[in-house]
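Chemist: Attaching a single structure in structure tokens format; questions to follow.
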Amino acid sequence: MFIYPENWNSLSPDEKMQARFDHWLSGAGNKFGNDEAEKRYRRRVQRLIDVINLKKPDRVPCVPQVDAYQAEYSGMPYGEFLYDFEKTEKAVIKFHKDFQPDYNMAMIAPGKMFERLDMKTYRWPGAGLPMDSKSYQMLESEYMKADEYDELIANPEGYFMRTYLSRAFGALQGMSMIPSLYYAMEFPMVPMLMGMFAVPPVREAIQALMDAGQITGEMMGTMGRINAEVIGNMGIPSMMGGFYKVPFDIIGDTLRGTDGIMMDIYRRPEKVLEACERLIPIAIQIAVQGVNMSGVPLAMGVLHKGDDTFMSDAQFRKFYWPHWEKVMLGIINEGIVPVQFVEGRYNTRLDVIAEAGLPEKKMIWWFDQTDMAEVKKKLGSFSCIAGNIPTSMFLTSTPQEIKDYSRNLIEKVGKDGGFFIAPGADIDMATPENIHAFIDGAREYGKY
């Protein structure tokens, strides 16, 4: 956990970022099993800090972002990985012990917690999908109705608490009955607030939240044991800091769905823009809270509807980019490195990003299917870039093909520093030989 120093508000963004880097590099909060593990940890953290600063460390960092493959490698269905924390712990530790990646991006999605809340927004292995499925399915719907923009704009947090939660989680329908917490401002009004907590649907929703919290506490205990082994004894630092979402994606993914937001940008464009503007400080707040809790100064934004194939360039410039840019700058102002995980293709968006005058050495652009030569040309002078080995190669290619692809990518865009090599998305299916080839190839060809 990162604790603000007393003079925090007087620090510049550069000073704040350095304070967060120093905290991360120190390994504060981690108990190292031996001196060598601590040295490996510091070396790996410094390597990533160097590429963020567009420097050349001893070699190109390598980030094998895996999720379901950890379960497959341990011989279990992914559904068991989501539901049985003891097996999850063993699988994650086994993967990191056997492959020794540079960084740990382990994240547990607790199936039992989602099930207790009766989450409607996804299907996952063990709930709507077979236990041996490799991933999730997002279930978009109009969790916010087209005529509710004003409610969202007036009070986003209240809207999420009462309206969104009651629609997106079957066990939380009682949240719609919770009155405004502003009733707590004067003692004659407090009983009016507290009285609603005696209503059975509200009590049932609160019990569901308490039960979900208990399950999450068990998950956090598992993550603590994983970190003690992976960080403390192996010296593999975590890259999982905080998260954020672009305001347009908050509306388009979470609230209105693809069909809804596509109609809205034609039928009520001004409301979409007003809502996006209103959500900017909330997106920043979410990133800051996550980073402060983890102590890792990276906030990942997973980008969806800004893809080349989703909207025109004019629509991107109007609806997507302006609010996203403000979120990134707000995160940077808090001393945090925004990590843009650019899903899909951004070949037609690179000029917008390059022309924006974004601050140097303050962010990471991690690409999925975008032309990395163009990325290097247009963004490499001011920002760390990363990516973009196709995830299909980890299952269908030979180890030598993986190594050759890595070598070509490093030589094309990584030879001047400011780059780390990574898959374009989560690795859910692979062969052990290809994972080894990816890591070994980066270490062999990534030396400066």
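The values are calculated or read from the model by the stated rules, or taken from the named source; none is laboratory data. Note that the structure is predicted; figures quoted are calculated from it, not measured. Backbone-built Cβ (ideal geometry, glycine too); neighbour counts: all protein chains shown. All accessible areas refer to the heavy atoms of the entire protein, side chains included, with ligands and DNA or RNA removed. Shrake-Rupley method; radii C 1.70, N 1.55, O 1.52, S 1.80 Å.
Chemist: In the stretch 167-176, is there at least one residue being under 24 Å from the mean Cα position of the chain (by Cα) and open to solvent by less than 40 Å² (accessible area, probe 1.4 Å)?
Modeler: Yes, the conditions are met somewhere in the stretch 167-176.
Chemist: Among the numbered criteria (1) open to solvent by 40 Å² or more (accessible area, probe 1.4 Å); (2) farther than 28 Å from Gly29 by Cβ; (3) of a type outside the set (Phe, Trp, Tyr), which one does Gln285 miss?
Modeler: Every condition holds for Gln285 apart from (2).
Results for (1) more than 24 Å from Thr222 (Cβ to Cβ); (2) open to solvent by 50 Å² or more (accessible area, probe 1.4 Å); (3) part of a helix (DSSP H, G or I), shown as yes or no for each residue.
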{"position": "Glu86", "(1), (2), (3)": "no, yes, yes"}
{"position": "Lys90", "(1), (2), (3)": "no, yes, yes"}
{"position": "Asp98", "(1), (2), (3)": "no, yes, yes"}
{"position": "Lys134", "(1), (2), (3)": "no, yes, no"}
{"position": "Tyr143", "(1), (2), (3)": "yes, no, no"}
{"position": "Tyr164", "(1), (2), (3)": "yes, no, yes"}
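Chemist: Suppose we filter the stretch 177-217 for residues that are under 25 Å from the mean Cα position of the chain (by Cα), open to solvent by 80 Å² or more (accessible area, probe 1.4 Å) and touching a residue at least 12 places away in the same chain (Cβ under 8 Å); how many remain?
Modeler: Of the residues in that region, 0 qualify.
Chemist: Right, next: Find the residue count for the stretch 32-62, including only residues that are of a type outside the set (A, V, I, L, M, F, W, C), open to solvent by less than 20 Å² (accessible area, probe 1.4 Å), in contact (Cβ under 8 Å) with a residue 60 or more places away in the chain and touching a strand residue (DSSP E or B) at 6+ places or on another chain (Cβ under 8 Å).
Modeler: 1
Chemist: Among the residues of the stretch 370-391, what is the count of those that are within 19 Å of Asp404 (Cβ to Cβ) and among the polar types (S, T, N, Q)?
Modeler: The number of residues fulfilling the criteria is 2.
Chemist: Can you name every residue in the stretch 1-39 that is in a loop (DSSP other than H, G, I, E, B) and among the hydroxyl-bearing types (Ser, Thr, Tyr)? Explain how you work it out, then say what you get.
Modeler: Within the stretch 1-39, the subset in a loop (DSSP other than H, G, I, E, B) is 1-7, 11-12, 27-34.
Correct list: Tyr4, Ser12.
Chemist: Also, I was wondering about something else. Considering only the stretch 145-162, state which residues are in a helix (DSSP H, G or I), open to solvent by 70 Å² or more (accessible area, probe 1.4 Å) and of a type outside the set (A, V, I, L, M). Don't jump to the end; show me each part of the working.
Modeler: Pass one, the stretch 145-162, residues in a helix (DSSP H, G or I): 146-154, 156-162.
Filter again for open to solvent by 70 Å² or more (accessible area, probe 1.4 Å), leaving 147, 150-151, 154, 157.
Asp147, Asp150, Glu151, Glu157, listed by residue number.
Chemist: In addition: Answer with yes or no whether Gln65 is out of contact with any helix residue (DSSP H, G or I) (no Cβ under 9 Å at 6 or more places or on another chain) and surrounded by 16 or more Cβ atoms within 10 Å (Cβ to Cβ).
Modeler: Numbers: out of contact with any helix residue (DSSP H, G or I) (no Cβ under 9 Å at 6 or more places or on another chain): yes; surrounded by 16 or more Cβ atoms within 10 Å (Cβ to Cβ): yes.
In short, yes.
Chemist: Let me ask something additional. Looking at the stretch 297-306, which of the residues that are open to solvent by 10 Å² or more (accessible area, probe 1.4 Å) and touching a strand residue (DSSP E or B) at 6+ places or on another chain (Cβ under 9 Å) is modelled with the lowest pLDDT?
Modeler: Val302
Chemist: Among residues belonging to the stretch 1-22 that are open to solvent by less than 40 Å² (accessible area, probe 1.4 Å) and touching a residue at least 40 places away in the same chain (Cβ under 8 Å), point out the one that is farthest from Met234 (Cα to Cα).
Modeler: Let us first name the residues in the stretch 1-22 that are open to solvent by less than 40 Å² (accessible area, probe 1.4 Å), namely 2, 8, 11, 16-17, 19-21.
From what is left, the residues that are touching a residue at least 40 places away in the same chain (Cβ under 8 Å) are 2, 11, 16-17, 19-21.
Values: Phe2: 22, Leu11: 34, Lys16: 29, Met17: 26, Ala19: 25, Arg20: 22, Phe21: 20 Å.
Out of the qualifying residues, it is Leu11.
Chemist: Residues that are among the hydroxyl-bearing types (Ser, Thr, Tyr), in contact (Cβ under 8 Å) with a residue 12 or more places away in the chain and surrounded by 18 or more Cβ atoms within 10 Å (Cβ to Cβ): find the strands (runs of 3 or more DSSP E) completely inside the stretch 307-397 holding 2 or more of those. Give the steps one after another, and end with the answer.
Modeler: On the way: elements: 337-342, 364-367, 384-389.
Answer list for the stretch 307-397: none.
Chemist: So the check is Cβ under 7 Å with 6+ separation or different chains; which pairs have a first residue in the stretch 103-117 that's open to solvent by 30 Å² or more (accessible area, probe 1.4 Å) and a second one that's among the acidic types (Asp, Glu)?
Modeler: Arg116/Asp211
Chemist: Ile108 passes all but one of (1) in contact with a Phe, Trp or Tyr (Cβ under 9 Å, 6 or more places away or on another chain); (2) in a helix (DSSP H, G or I); (3) β-branched (Val, Ile, Thr); which number fails?
Modeler: Answer for Ile108: the failing condition is (2).
Chemist: Also, I was wondering about something else. Which residues, counting only those in the stretch 226-258, are outside any helix (DSSP H, G or I), open to solvent by less than 10 Å² (accessible area, probe 1.4 Å) and closer than 16 Å to Tyr143 by Cβ?
Modeler: Arg256
Rundown of residues vs (1) in contact with a helix residue (DSSP H, G or I) (Cβ under 8 Å, 6 or more places away or on another chain); (2) of a type in the set (A, V, I, L, M, F, W, C), yes/no style:
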{"residue": "Ile215", "(1), (2)": "yes, yes"}
{"residue": "Glu218", "(1), (2)": "yes, no"}
{"residue": "Ile231", "(1), (2)": "yes, yes"}
{"residue": "Tyr266", "(1), (2)": "no, no"}
{"residue": "Leu273", "(1), (2)": "yes, yes"}
{"residue": "Glu277", "(1), (2)": "yes, no"}
